[in-house]
Amino acid sequence: MATSSERSPPPFPESEDQEPDPDPADGDSDEGEDIFTGNSKPAEIKAERHQPPVDVTAKLQRDIPSSDPLGDLDGSGANKKPARDGRQADLFTEPRSDIFSEEAAARPARPGPASGSNANSSSKSNGIHSDEEQDIFAEATVELSLDSPHSERKETPKPVTSTESSVAVQPSAPKTALKTMAELEEEESEDKFELNISITNPEKVGDGMNAYMAYQVSTQTSLPMFRSKSFTVKRRFSDFLGLYEKLSEKHAQNGYIVPPPPEKSILGMTKVKVGKEDPSSAEFVERRRAALERYLQRVVAHPSLLQDPDVREFLERDELPRAVNTQALSGAGFLKMINRATDAVSKMTIKMNESDIWFEEKLQEVESEDQQLRKLHGVVESLVNHRKDLSINTAVFAKSVAMLGSSEDNTALSRALSQLAEVEDRMEQLHQEQASSDFFVFAELLADYIRLLGGVRGCFDQRMKTWQRWQDAQVTLQKKRENEARLLWANKPDKLQQAKEEIAEWENKVTQYEADFERISTTVRKEVLRFEKEKARDFKNQIMKYLESLLHSQQQLIKYWEAFLPEAKAIA
Amino acid sequence: MALTPDEGDRDKVRSVSVDLNNDASLLIDIPDALCERDKVKFTVHTKTTLRNFQKPEFSVPRQHEDFIWLHDTLVETEEYAGLIIPPAPPKPDFESPREKMHKLGEGEASMTKEEYAKMKQELEAEYLAVFKKTVQVHEVFLQRLSSHPVLSRDRNFQIFLEYDQDLSVRRKNAKEVFGGFFKNMVKSADEVLISGIKEVDDFFDQEKTFLLDYFSKIKDSTAKAEKMTRSHKSVAEDYIHISATLNSLSAEDTTALKQHLEKLSDLFEKLRKVEARVASDQELKLTELLRYYMRDIQAAKDLLYRRARALADYENSNKALDKARLKSKDVVQAQEHQEQCLQKFNKLSESGKKELTSFKGRRVVAFRKNLIEMAELEIKHAKNNMSLLQSCIELLKSN
């Protein structure tokens with residue numbers, strides 16, 4: 001089964017050019033490298049500072065970004081700054097060893113921090129190395145207690161270099177960020193992301209209202225973290241929703257932009273279930289297949305998400321436990337969630353004392369972009385419909401002209417008219433193909449990004465929540481101190497001890513929550529920059545694709561009319 | 001809104017109905033027209049060497065109703081029963097652009113200034129196109145008359161061209177309107193008559209079958225072509241909105257995407273101009289062609305009806321003659337009447353044959369010209385589109 005042919009929009013007749021479109025996948029994948037190339041940067045710097053085998057390391061690190069986080073988890077451990085700590089190397093060479101499992105566990109707990117500490121967003125990477133190391137492990141211990149069992153399996157190859165926590169974002173951050181961004185660009189071109197996903201072969205399983213579509217998810221990879229180089233599993237739509245739910249639960253709170261899945265559609269699926277073999281249900285299935293493919297490609301393009309064992313399980317495991325409770329992720333439910341998040345954000349924006357204007361400005365940008373994208377999407381949908389109308393009307397006209405031609409008593413004119421009918425028939429097809437391209441290349445791109453922007457707003461929201469938690473902890477701490485003072489004055493020594501303990505506890509919390517906030521801020525910043533880069537690339541690719549389809553259309557048009565011209569001239 | 005049709009329009013005239021207005025003895029054109037609310041005032045300009053006119057060159061203002069009056073008087077003239085009377089020009093219809101302008105006004109708040117300006121521009125172009133078309137179609141009507149050997153000498157035609165006062169006094173009053181309505185009713189009865197009558201002449205038999213069939217087909221094609229062209233215009237309009245929104249997006253974008261969006265916005269703006277031209281050229285060369293010949297075929301059918309009626313009259317007169325002979329009463333009268341009917345019928349048949357044959361030739365030539373022009377324009381516009389797309393793709397690649 002040619003993967004490529006499956007991927008192109010089939011329902012529209014004879015889409016001749018079924019190019020396998022590796023670009024989006026690669027494009028997305030490439031983005032992931034940025035983080036890693038980013039990471040390698042600090043790694044390199046660190047290497048230089050600490051040890052001789054720097055070059056080797058640096059080189060290794062370079063290669064890694066392609067396979068990135070995962071590849072190294074299991075194997076080489078090259079990703080890590082061996083420079084930093086022997087432990088790190090160990091950690092990666094023996095990912096499952098007990099001693100280091102804690103760290104391993106800790107790491108995942110801070111995938112954000114790790115990435116957050118990415119050179120991209122802060123100067124930390126360039127600076128305080130040794131300190132950070134200490135901090136990381138200190139943090140690691142703390143984190144362990146808070147982690148859910150899940151995270152224990154996670155491994156973050158990211159050399160948790162810069163510790164978000166203790167180091168405040170310095171004003172020089174942006175400059176450094178810029179510098180590293182430029183360097184990132186350089187390295188990017190050398191990296192190859194070796195993980196290709198394609199979704200093919202939608203098959204209806206079962207009958208009646210219990211029927212569902214099963215999609216084949218094929219992965220080809222050279223990443224060592226996977227059991228083999230190429231494998232295929234069958235998944236249904238609710239599986240994808242389940243994956244999103246799991247990822248969102250784990251990562252959204254750390255400020256990650258978790259790509260949202262395509263919407264549920266009761267109407268669309270009902271038609272399929274009922275078994276209507278009409279073009280609209282074929283179109284629906286193709287639309288969903290393509291959307292699911294893009295969804296997975298975005299997930300694996302995200303360096304942190306790719307490391308999540310749930311993702312690996314989703315791609316590899318033969319039988320997946322049925323994801324329940326995906327009702328929450330129905331189209332309406334999901335939208336409600338996004339809307340609630342947005343409302344919450346807007347409410348909080350007023351209250352938050354923003355120390356970094358970057359966030360405020362970015363949020364505004366995101367909101368206005370969302371508006372414009374929605375508008376554009378609406379117009380493009382209108383274009384799709386009008387072109388479909390044009391196609392239908394052209395077909396109808398063609399038939400009419402054919403009839404006219406058969407009625408015509410002048411032989412040459414009669415022939416010319418029937419040729420005209422044929423040309424118009426071909427035009428109908430052209431219009432239909434173009435409408436398909438309008439939809440699958442242009443409109444769906446916009447729809448995807450409208451959903452993604454929802455995710456971006458979500459991560460800003462999480463940051464607000466984290467800030468709020470910190471502020472609340474400070475308030476509580478203050479109350480505890482006041483309480484202690486009162487007890488001192490009232491001279492109640494027995495309760496004093498408890499009060500002191502509580503103060504210590506809350507002091508810790510304040511410190512931790514502040515660290516969380518710094519961490520999530522860094523993560524959000526990094527995520528947004530990554531997102532923007534990915535978006536620019538995505539758009540550019542799709543725009544090119546779209547323009548080429550328009551071009552092809554015009555070329556065909558010329559051919560048809562040039563063939564007709566001599567017929568018209570032959571009329572006598 | 002005054003308009004001066006230029007040479008291009010004159011060519012369009014010829015494309016629909018060829019070889020008009022080349023007889024120097026009587027040259028007619030409509031160089032100017034004014035649009036006041038619903039009414040269009042045409043300036044009919046005549047240049048002539050014929051002596052039955054008072055002056056060698058003159059202009060008069062005319063309204064659409066004046067044209068209709070002229071047409072109807074010609075149709076009602078017995079003498080011209082054997083001729084194909086050129087179809088009356090349709091009433092100027094600005095309904096479509098006006099409605100769109102109204103909708104645009106209502107939607108103004110939801111679009112950017114540039115978007116609104118472009119939409120308005122597009123609508124104004126459409127309005128202008130309708131205007132040009134109506135001028136052209138009125139002009140063609142007069143030119144068909146002036147190039148016809150018999151009709152060009154009609155007295156009423158002369159009055160129409162020359163009379164410098166308002167013609168309304170001569171136009172249909174209520175009675176005549178009713179008369180016209182009655183005539184239309186009679187015409188449908190004619191259709192039954194025509195199909196029922198036994199045709200003696202092969203030529204007319206074939207023509208009848210052909211014209212009846214062809215008429216219904218061409219009517220259908222005209223309607224479908226119109227629908228197709230309208231869809232095309234909608235697509236071009238969508239490009240305006242897409243271009244405008246892309247522009248807004250690009251203005252606010254701070255990433256590498258900004259330039260791409262800008263270029264894309266530009267491209268769509270240029271593409272839509274081409275698409276709009278494609279749609280309007282298609283309309284002119286295809287839809288208008290079909291529409292014109294649909295009306296012309298109706299006029300040819302009218303000729304057939306008149307002939308069929310004459311035949312029926314003749315047959316009736318025969319019967320009357322027989323009856324008179326039986327009764328031996330008013331035989332001479334009946335004979336005279338019968339002879340008259342026969343004469344009339346023969347005259348109609350003879351001129352009808354000529355008219356229909358030349359009509360056939362005219363139609364084929366017109367179709368040929370228009371189809372060739374349309375194909376050439378489609379190719380030209382597609383090449384234009386291609387170069388626009390290619391240069392944009394190059395720009396994007398190089399970035």
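Summary of computed values
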{"item": "Counted residues, region A:412-421 - those being open to solvent by 40 Å² or more (accessible area, probe 1.4 Å) and closer than 15 Å to B:MET374 by Cβ", "result": "1"}
{"item": "Region A:362-379 - residue that is charged (D, E, K, R), closer than 21 Å to A:VAL524 by Cβ and more than 9 Å from chain B (Cβ to nearest Cβ) and, of those, most open to solvent (accessible area, probe 1.4 Å)", "result": "A:GLU367"}
{"item": "Total residues in region A:549-561, condition within 7 Å of another protein chain (Cβ to nearest Cβ), open to solvent by 30 Å² or more (accessible area, probe 1.4 Å) and touching a residue at least 24 places away in the same chain (Cβ under 8 Å)", "result": "0"}
{"item": "Filtered residues of region B:351-377 (kept if open to solvent by 40 Å² or more (accessible area, probe 1.4 Å) and under 17 Å from A:GLU562 (Cα atoms))", "result": "B:ARG368, B:LYS369, B:GLU373, B:GLU376"}
{"item": "Lone unmet requirement of (1) within 20 Å of A:TRP561 (Cα to Cα); (2) under 21 Å from the mean Cα position of the chain (by Cα); (3) of a type in the set (D, E, K, R) for B:LYS380", "result": "(2)"}
{"item": "Criterion (in contact (Cβ under 8 Å) with a residue 24 or more places away in the chain, among the aromatic types (Phe, Trp, Tyr), assigned to a helix (DSSP H, G or I) and at the interface with chain B (Cβ under 10 Å from one of its Cβ atoms)) met by exactly one of A:TYR513, A:TYR546", "result": "A:TYR546"}
{"item": "Pair list, Cβ under 6 Å, 6 or more apart: region B:108-132 residue within 30 Å of B:LYS91 (Cβ to Cβ) and open to solvent by less than 50 Å² (accessible area, probe 1.4 Å), other residue of a type in the set (Phe, Trp, Tyr) and assigned to a loop (DSSP other than H, G, I, E, B)", "result": "B:VAL130/B:PHE94"}
{"item": "Any hit, region A:505-525, residues being over 29 Å from the mean Cα position of the chain (by Cα), surrounded by fewer than 17 Cβ atoms within 10 Å (Cβ to Cβ), more than 30 Å from B:HIS260 (Cβ to Cβ) and among the basic types (Lys, Arg)", "result": "no"}
{"item": "Helices (runs of 4 or more DSSP H) (entirely within region A:188-306) containing at least 1 residues that are within 26 Å of A:GLU534 (Cα to Cα) and open to solvent by less than 20 Å² (accessible area, probe 1.4 Å)", "result": "A:237-251, A:279-301"}
{"item": "Of all residues in region B:47-68 being among the β-branched types (Val, Ile, Thr) and outside any helix (DSSP H, G or I), the one that is surrounded by the fewest Cβ atoms within 10 Å (Cβ to Cβ)", "result": "B:THR49"}
{"item": "Among the candidates A:PHE531, A:PHE539, A:PHE564, residue that is facing chain B (nearest Cβ under 7 Å), buried (at least 17 other Cβ atoms within 10 Å of the Cβ), under 24 Å from A:VAL299 (Cβ atoms) and hydrophobic (A, V, I, L, M, F, W, C)", "result": "A:PHE539"}
{"item": "Every residue from region A:400-411 that is part of a helix (DSSP H, G or I), open to solvent by less than 20 Å² (accessible area, probe 1.4 Å) and within 8 Å of chain B (Cβ to nearest Cβ)", "result": "A:SER400, A:VAL401, A:LEU404, A:SER407"}
{"item": "Only listed residue being touching a helix residue (DSSP H, G or I) at 6+ places or on another chain (Cβ under 9 Å), in a helix (DSSP H, G or I) and at pLDDT 95 or above, chosen from A:PHE397, A:PHE440", "result": "A:PHE397"}
{"item": "Subset of region B:105-132 (residues that are more than 21 Å from the chain's Cα centre (by Cα) and either within 21 Å of B:ARG277 (Cα to Cα) or β-branched (Val, Ile, Thr) (or both))", "result": "B:THR112, B:GLU114, B:GLU115, B:TYR116, B:ALA117, B:LYS118, B:MET119, B:LYS120, B:GLN121, B:GLU122, B:LEU123, B:GLU124"}
{"item": "Unmet requirement for B:ASP9, which otherwise passes all of (1) open to solvent by less than 50 Å² (accessible area, probe 1.4 Å); (2) at pLDDT 90 or above; (3) in contact with a Lys or Arg (Cβ under 9 Å, 6 or more places away or on another chain); (4) not aliphatic (A, V, I, L, M)", "result": "(2)"}
{"item": "Scope region B:383-399; condition at the interface with another protein chain (Cβ under 7 Å from one of its Cβ atoms) and touching a residue at least 24 places away in the same chain (Cβ under 8 Å); matching residues", "result": "B:ASN385, B:LEU389, B:CYS392, B:LEU396"}
{"item": "Extreme residue, farthest from A:PHE440 (Cα to Cα), among residues of region A:380-396 that are facing another protein chain (nearest Cβ under 7 Å) and open to solvent by 10 Å² or more (accessible area, probe 1.4 Å)", "result": "A:VAL396"}
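Per-residue answers, yes or no, for (1) polar (S, T, N, Q); (2) over 30 Å from A:ILE257 (Cβ atoms):
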{"site": "A:LEU452", "(1), (2)": "no, no"}
{"site": "A:ALA473", "(1), (2)": "no, no"}
{"site": "A:TRP489", "(1), (2)": "no, yes"}
{"site": "A:LYS500", "(1), (2)": "no, yes"}
{"site": "A:GLN512", "(1), (2)": "yes, no"}
{"site": "A:PHE517", "(1), (2)": "no, no"}
{"site": "A:ILE520", "(1), (2)": "no, no"}
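The values are calculated or read from the model by the stated rules, or taken from the named source; none is laboratory data. Just so it is clear, the model here is predicted, and its values are computed rather than measured. Note that we place each Cβ from the backbone using ideal geometry, even for glycine, and neighbour counts take in every protein chain shown. Areas reflect the complete protein model, heavy atoms only, side chains present, ligands, DNA and RNA absent. Shrake-Rupley method; radii C 1.70, N 1.55, O 1.52, S 1.80 Å.
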